[in-house]
1. Does SER36 fit the bill of being surrounded by 14 or more Cβ atoms within 10 Å (Cβ to Cβ), under 14 Å from the mean Cα position of the chain (by Cα) and polar (S, T, N, Q)?
2. Find all pairs meeting these conditions: Cβ atoms under 6 angstrom apart; at least six residues apart or on different chains; first residue within the stretch 38-54 and without any contact (Cβ under 8 Å) to a residue 24 or more places away in the chain; second residue open to solvent by 50 Å² or more (accessible area, probe 1.4 Å) and small (Gly, Ala, Ser).
3. Give me the residue from the stretch 94-118 that is touching a residue at least 60 places away in the same chain (Cβ under 8 Å) and in a helix (DSSP H, G or I) and, out of that set, surrounded by the most Cβ atoms within 10 Å (Cβ to Cβ).
4. Condition (residue is at pLDDT 95 or above, under 22 Å from GLU92 (Cα atoms) and open to solvent by less than 40 Å² (accessible area, probe 1.4 Å)) applied to the stretch 20-30: is it met by at least one residue?
5. Would you be able to say whether some residue in the stretch 49-60 is closer than 13 Å to TRP30 by Cα and basic (Lys, Arg)?
6. Which one is surrounded by the fewest Cβ atoms within 10 Å (Cβ to Cβ), of the residues in the stretch 79-93 that are outside any loop (DSSP other than H, G, I, E, B) and modelled with pLDDT of 95 or more?
7. Let me spell it out: the conditions are (1) open to solvent by less than 40 Å² (accessible area, probe 1.4 Å); (2) of a type in the set (S, T, N, Q); (3) at positive phi, and ASN42 meets all of them except one. Which number is the exception?
8. Which of the residues that make up the stretch 63-83 are more than 16 Å from ILE49 (Cα to Cα) and among the β-branched types (Val, Ile, Thr)?
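The values are calculated or read from the model by the stated rules, or taken from the named source; none is laboratory data. Everything numeric in this text was worked out from a predicted model, so none of it was measured. Ideal geometry is used to build each Cβ from the backbone, glycine not excepted, and the neighbour counts take in all protein chains shown. Accessible surface areas use protein heavy atoms only, side chains included; no ligands, DNA or RNA. Shrake-Rupley method; radii C 1.70, N 1.55, O 1.52, S 1.80 Å.
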Amino acid sequence: MDCKTKDFGQEHKKEMRAVQDSMDVLNGKWKISIISSICYYNKRRFSDILNDVGGISNRMLSKELKELEINQLVKRTVLDTQPITVQYELTEHGKTLKTIINNLTEWGIAHRKKIIKE
């Protein structure tokens, strides 16, 4: 894919605003990793995500999941189990990120091979 070259008109400003909106929702160290975990398994318990995302604390994971819920990317379901289990899955809107996650995965694998010559 080629980056588009355009005049710096209204259309370009609109595109740049859209990129910034996307980055505002997905910003931070953890959100993409959390979404990737849920995306890969479809449904994920809190403890499973905590294990998948190395280095994240309980508190930070909870905060990030709440933000993803507010942005309607993740759905939280409390299951009637003993002890209570909380499960997360991507919303229909969140599932639209699957292509981006897959592209990031492919790019990351290729980048690692290029940089460390695996």
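1. It is true that SER36 is surrounded by 14 or more Cβ atoms within 10 Å (Cβ to Cβ), under 14 Å from the mean Cα position of the chain (by Cα) and polar (S, T, N, Q).
2. Going by the 6 Å Cβ cut-off, the qualifying pairs are VAL53/SER33.
3. ILE101
4. Yes, the stretch 20-30 contains at least one residue that is at pLDDT 95 or above, under 22 Å from GLU92 (Cα atoms) and open to solvent by less than 40 Å² (accessible area, probe 1.4 Å).
5. yes
6. Among them, the one singled out is GLU92.
7. ASN42 satisfies all of (1) open to solvent by less than 40 Å² (accessible area, probe 1.4 Å); (2) of a type in the set (S, T, N, Q); (3) at positive phi except (1).
8. Passing the criteria: ILE70, THR81.
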